[in-house]
Structure formats: C-alpha cells, structure tokens
Number of protein chains: 2
Amino acid sequence: MASDRPRYAFEDFQVGHVIACGSRTVRADEIVAFAKQFDPQPFHVDEDAAARSIYGSLIASGWHTAALVMRLVCDAYLLDSTSAGSPGIDELRWLKPVRAGDTIRADLVTIEVRPSKSKPDRGVVVSEWRVYNQREELVMTNRGMSLFLRRDASTVA
Amino acid sequence: MASDRPRYAFEDFQVGHVIACGSRTVRADEIVAFAKQFDPQPFHVDEDAAARSIYGSLIASGWHTAALVMRLVCDAYLLDSTSAGSPGIDELRWLKPVRAGDTIRADLVTIEVRPSKSKPDRGVVVSEWRVYNQREELVMTNRGMSLFLRRDASTVA
C-alpha cells in the first residue's frame with residue numbers, strides 16, 4: 001500500500017533497471033475457477049476437452065496468467081510506489097501455455113521513461129514483463145505503460 | 001461450447017465484420033473482489049483511498065475490464081467457434097476509467113485474416129475490441145490475435 005513515502009516514484013525509474021517479481025504456482029482448480037468466470041473455453045475449464053484440444057492438457061486463460069503476474073508485480077514493488085494506473089499495453093505475447101502445476105516467475109525491466117509534457121507532476125514508465133516457467137522457458141512477455149507521480153505529488157496517489 | 005458444427009471457423013471471418021458482444025454492468029463488490037486477488041492498488045480496493053486518488057472514485061482494474069470483456073466475447077461467439085487460443089495482443093488501451101455501476105458493452109471488429117503458412121488447418125484472425133460505457137464513451141480498445149482452426153480440422157478444438 002502506498003505509504004507517505006513510497007519507495008518508487010516516477011523519478012526513481014531508470015532504463016534497464018530489473019525488478020525480480022517472485023514466483024507463483026498455478027493450480028488446476030484456480031485455472032478452472034478463473035476461466036468459468038471470464039474465459040470458459042473448453043481447454044481452460046474441462047480436463048477432458050483440454051486433452052482432446054491442440055494443447056493436450058488444461059491451460060490457464062492468458063488473461064488469468066496476466067492477472068497472476070499483475071499480482072506478483074503489485075507485491076514486488078507497485079504497491080510501494082506512486083502508481084496511478086496504466087494507459088495501456090503495446091505488445092503482449094502468450095508464447096507457451098501455462099499448465100496446471102506450472103510455477104511462473106516474472107522479471108520486470110524498465111524500457112523507457114517519459115516525463116509528461118502537460119502535467120509536470122507525473123510521467124509514464126514503459127516496462128516489460130518477462131514471465132518464465134519452472135523450466136526457464138519464456139511463457140509470456142508484456143510491454144506496457146504505467147503512470148507514476150513524482151514523489152512530491154504522491155500525496156494524491 | 002464448441003459443438004460438432006461450430007458457427008465460426010477460420011474461413012468464416014471477413015475483414016470489417018462486426019460482432020456486437022452485449023453488455024455488462026460492473027458492481028463495486030466485484031471490482032474490489034477481483035482487485036484484492038490480482039491488482040490490490042488502493043484505487044481498486046478502497047473507496048476512501050480511491051476518492052483521494054487522481055480518479056476520485058473506485059475504478060476497475062484494467063485486467064478486470066479485459067476479463068469481463070473476454071467473457072462477453074466468449075458468450076457472443078467464441079464458445080461457438082473453432083477458437084484455439086491467442087498468440088497475443090498488439091495494442092491495448094485503457095482510455096477512460098470503468099467505475100462502479102458503469103455498464104460496458106463491446107463490439108468486436110475483424111481487422112485482418114492470416115492463413116497459417118506452416119499449418120494449413122488453421123489461421124490467425126486479428127480483431128479489435130471496442131468497449132464503450134453507458135455514455136457511449138470509448139473506455140477500452142484491444143487489438144489482438146486469435147487462432148482459429150478451419151472447419152474440417154475442428155474436431156480437435
């Protein structure tokens with residue numbers, strides 16, 4: 001949770017900086033629960049249908065993987081920052097399936113730092129998630145934008 | 001759920017085709033529940049903190065909005081198709097906050113149809129979600145790829 005003195009404000013980001021965001025094992029029951037709510041395609045909700053699909057076993061919805069990584073990112077640094085949301089994503093790739101029992105971990109790399117031209121108290125940081133499984137295979141990448149306030153504006157965040 | 005004869009197979013997509021994907025009202029309690037699990041930033045989980053943020057009131061996690069639209073897309077056509085997952089997203093924009101009580105609706109527009117060069121039984125369809133709120137303001141766009149099998153390959157989907 002952002003405190004009065006968050007660790008990360010806009011001016012703290014530097015291109016090339018890497019934050020290790022920890023890891024998370026993905027259970028079959030949570031793959032199915034998420035997918036029943038948001039993405040009930042057969043290969044996300046039904047073990048038998050998944051076995052007959054091109055994937056051969058149950059896989060997580062890509063949106064579920066993204067949400068799980070978002071939580072890793074929150075816990076690793078975002079909740080201790082002046083984060084003020086995201087304008088969007090420029091390139092997201094689901095490179096390999098995330099299967100039940102897989103353990104995913106994420107690194108976050110700062111790609112670009114852009115001060116706002118119209119609002120001097122904030123700026124956009126472009127960063128990339130690099131998400132690996134327990135075999136060190138890259139399963140997902142996500143290059144997105146995050147809005148951060150400068151430290152002296154952070155009381156409104 | 002994909003039946004033996006799904007309505008949408010790869011060969012059914014045409015550039016410019018629009019599918020209206022219905023609408024969904026987003027409740028405060030589900031905004032908070034999703035965010036507590038996946039994106040517990042103050043403006044997604046705490047009404048008071050949200051009131052003090054640059055947003056002024058509780059807003060949905062962008063990942064939650066995406067997941068809710070994914071469900072609209074599933075129900076509108078994807079579950080009655082040969083869908084075989086997604087390689088990724090080329091551009092996603094969260095243009096305006098989605099607030100508690102907002103009703104979002106989505107149109108899906110086919111942008112490009114690319115037969116696979118290596119696997120003749122499938123291809124990629126590039127489509128764009130255009131997500132509006134109850135004031136017809138565009139709140140989110142998402143241009144992404146979806147893999148579809150051709151109809152005569154659809155028994156494995």
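The values are calculated or read from the model by the stated rules, or taken from the named source; none is laboratory data. Remember, it's a predicted structure, so these values are computed and weren't measured experimentally. All Cβ positions, even for glycine, are placed from backbone atoms using ideal geometry, and neighbour counts span all protein chains on display.
Quick look at the numbers
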| item | result |
| --- | --- |
| Qualifying residue in the stretch B:134-151 (condition: touching a residue at least 60 places away in the same chain (Cβ under 8 Å) and away from every other protein chain (no Cβ under 12 Å)) | yes |
| Test: residue A:76 is more than 26 Å from residue A:153 (Cβ to Cβ) and of a type outside the set (Asp, Glu) | no |
| Within the stretch B:25-49, considering residues that are more than 11 Å from chain A (Cβ to nearest Cβ) and either within 18 Å of residue B:107 (Cα to Cα) or in contact with a Ser or Thr (Cβ under 6 Å, 6 or more places away or on another chain) (or both), the one surrounded by the fewest Cβ atoms within 10 Å (Cβ to Cβ) | B:25 |
| Filtered residue count, the stretch B:50-76, keeping only those that are surrounded by fewer than 19 Cβ atoms within 10 Å (Cβ to Cβ), facing another protein chain (nearest Cβ under 9 Å) and under 17 Å from residue B:127 (Cβ atoms) | 1 |
| Subset of the stretch A:77-105 that is aliphatic (A, V, I, L, M) and at the interface with chain B (Cβ under 10 Å from one of its Cβ atoms) - its residue that is nearest to residue B:54 (Cα to Cα) | A:84 |
| Failed item, numbered, when residue A:157 is tested on (1) facing another protein chain (nearest Cβ under 8 Å); (2) buried (at least 22 other Cβ atoms within 10 Å of the Cβ); (3) at pLDDT 95 or above | (3) |
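Here is a yes/no grid of residues against (1) modelled with pLDDT of 95 or more; (2) over 30 Å from residue B:148 (Cα atoms); (3) in contact with a His (Cβ under 9 Å, 6 or more places away or on another chain):
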{"position": "B:13", "(1), (2), (3)": "yes, no, no"}
{"position": "B:27", "(1), (2), (3)": "yes, yes, no"}
{"position": "B:36", "(1), (2), (3)": "yes, yes, yes"}
{"position": "B:51", "(1), (2), (3)": "yes, yes, no"}
{"position": "B:54", "(1), (2), (3)": "no, yes, no"}
{"position": "B:65", "(1), (2), (3)": "yes, no, no"}
{"position": "B:70", "(1), (2), (3)": "yes, no, no"}
{"position": "B:80", "(1), (2), (3)": "yes, no, no"}
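Here's the yes/no breakdown for (1) crowded, with 18+ Cβ neighbours inside 10 Å; (2) of a type in the set (Gly, Ala, Ser); (3) at positive phi:
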| residue | (1), (2), (3) |
| --- | --- |
| B:78 | yes, no, no |
| B:82 | yes, no, no |
| B:89 | yes, no, no |
| B:92 | yes, no, no |
| B:100 | yes, yes, no |
| B:107 | no, no, no |
| B:139 | yes, no, no |
| B:150 | yes, no, no |
